[in-house]
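Student: A single structure is presented below for examination.
Every number in this text was worked out from the coordinates using simple rules, so none of it is lab data. Remember, predicted model here, so these are calculated numbers, not experimental data.
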Amino acid sequence: MKLAFFSTKSYDKEFFDPYHKKEIDLKYFEVRLYKDTADLTKGYDGVCVFVHDDLDEETLAILAENKVKFVVLRCAGFNNVNLAAAAKYGIKVYRVPAYSPEAVAEHAVALILTLNRKTHKAYNRIREGNFSLERLRGFNLHGKTVGVIGTGKIGSIFAKNMTGFGCKIIAYDKFENKEIIEQGGTYVSFEKLLEQSDIISLHCPLNPETKHIISKESFKLMKDGMMLINTSRGPLINTVDTIEALKSGKLGYLGIDVYEQEEQLFFKDLSESVIKDDIIARLISFPNVLITAHQGFLTKEALQQIAEVTIQNIKDFKAEKETNNQLKV
């Protein structure tokens with residue numbers, strides 16, 4: 001079977017090369033898959049895509065015309081795939097539902113610690129010979145209330161990590177996770193979580209209900225100077241409202257690994273380019289904002305699991321085996 005592999009990076013090749021020719025014939029493309037690059041799929045049985053590849057109906061129609069039979073996602077999220085159109089054209093879609101949830105949970109903790117103790121600023125100061133401690137004050141995590149929105153695998157592990165710091169955990173989710181309760185956490189209403197939390201971390205999927213779950217109305221209920229962390233999906237946060245909250249001081253710290261318009265920026269080297277996105281340029285200008293470019297998943301353990309599960313998904317498709325990793329309308 002021949003597979004067209006889109007949005008390829010060096011780390012993808014490192015973990016997928018061992019399967020090349022042995023399990024499947026891979027062809028790497030650095031470009032992302034969308035309607036204007038879909039013609040590259042001619043002659044391939046399937047495609048492998050990532051979070052910023054756009055599999056809308058127009059793209060899927062071209063894939064179907066090119067006789068592509070399946071799509072394998074190297075990620076858990078699938079909001080970039082029109083599943084109804086895929087079913088219409090007879091294209092099966094598979095994902096990696098869980099890959100080292102510890103990786104993303106630990107990255108959320110890293111954002112919290114870096115923002116709080118300002119280690120990124122201290123690092124740059126020391127390299128410049130500045131050993132002053134002025135404006136580097138942080139706060140103890142011990143005893144703080146951490147609100148976790150979304151308590152699936154990643155949210156649950158994040159809560160456990162923060163419990164280790166001596167934090168009080170409160171959580172909000174439509175479906176309660178007994179692990180949160182066993183760890184000493186408490187489920188509360190969305191409004192109470194906003195009101196009581198010193199730190200809020202988002203770990204929920206993106207859907208019509210959760211889009212802009214954090215917005216102007218949400219900030220009104222929050223404590224002044226609180227910390228907001230998002231390692232899940234960019235559109236969970238209304239970025240324009242977030243900027244206003246930063247300007248007013250309502251939001252004291254912001255750490256994000258995802259961004260609403262990240263497909264135009266993330267995974268690219270734009271160091272010699274003019275950034276045309278005024279919103280992220282404004283975010284970067286704040287001294288209390290920390291942005292990483294969707295690297296929460298980037299550990300060797302996670303990349304190995306992504307490769308293994310993706311290859312198994314292809315084997316299951318070939319064997320016409322039913323699997324929970326297949327996405328259906």
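Student: Quote the relative contact order of the range 30-74 in percent (integer), defining contacts as alpha-carbon pairs under 8 Å separated by 6+ residues.
Tutor: Computed value for the range 30-74: 50 percent relative contact order.
Student: Pick from L254, L136, L303: which residue has the top mean-square fluctuation in a GNM of the chain where Cα pairs under 10 Å get a spring?
Tutor: Ranking L254, L136, L303 by mean-square fluctuation puts L136 first.
Student: Whose amide H sits under 5 Å from the amide H of E176, counting only residues 5 or more places off or on another chain, with H placed in the peptide plane?
Tutor: Sorted by chain and number, the residues that satisfy this come to none at all.
Student: How large is the convex hull of the C-alpha atoms of the range 225-329 per residue, in Å³?
Tutor: In the range 225-329, the Cα convex hull volume per residue is 160 Å³.
Student: Let me ask something else about it. Mind checking which lysines have their C-alpha under 25 Å from K178, skipping anything on the same chain fewer than 8 residues away?
Tutor: Cα-Cα hits under 25 Å: K144, K153, K160, K168, K192.
Student: Right, here's the next one. Could you tell me which of the pairs K220/K247; K22/K67; K88/K315; K9/K328; K2/K318; K174/K247 are separated by over 21 angstrom between their Cα atoms in the structure shown?
Tutor: From the list (K220/K247; K22/K67; K88/K315; K9/K328; K2/K318; K174/K247), the Cα-Cα distance tops 21 Å for K22/K67; K88/K315; K9/K328; K174/K247.
Student: Per 5 Å bin, what percent of the C-alpha pairs of the range 204-249 does each bin hold, from zero upward?
Tutor: 5, 22, 34, 24, 12, 3
Student: Ok, one more. Non-local amide H neighbours of Y259 (under 5 Å, H modeled in plane, Pro and chain starts lacking H): which ones?
Tutor: When sequence neighbours closer than 5 places are left aside, the close amide H contacts are G234.
Student: Right, something else. For the range 7-60, build the convex hull from the C-alpha positions and give me its volume per residue in Å³.
Tutor: Output value, Cα hull per residue: 79 Å³.
Student: Now for a different question. Which whole-angstrom value gives the distance between the alpha carbon centres of the range 246-269 and the range 286-306?
Tutor: Taking the Cα centre of the range 286-306 as reference, the centre of the range 246-269 is 13 Å away.
Student: Measure nothing fancy, just the Cα-based angle from helix 153-164's long axis to the longest principal axis of the chain, in degrees from 0 to 90, nearest 10.
Tutor: Approximately 30 degrees, to the nearest 10.
Student: Can you check how the C-alpha radius of gyration of the range 76-195 compares to 2.2 N^0.38 Å, as a plain ratio?
Tutor: 1.43
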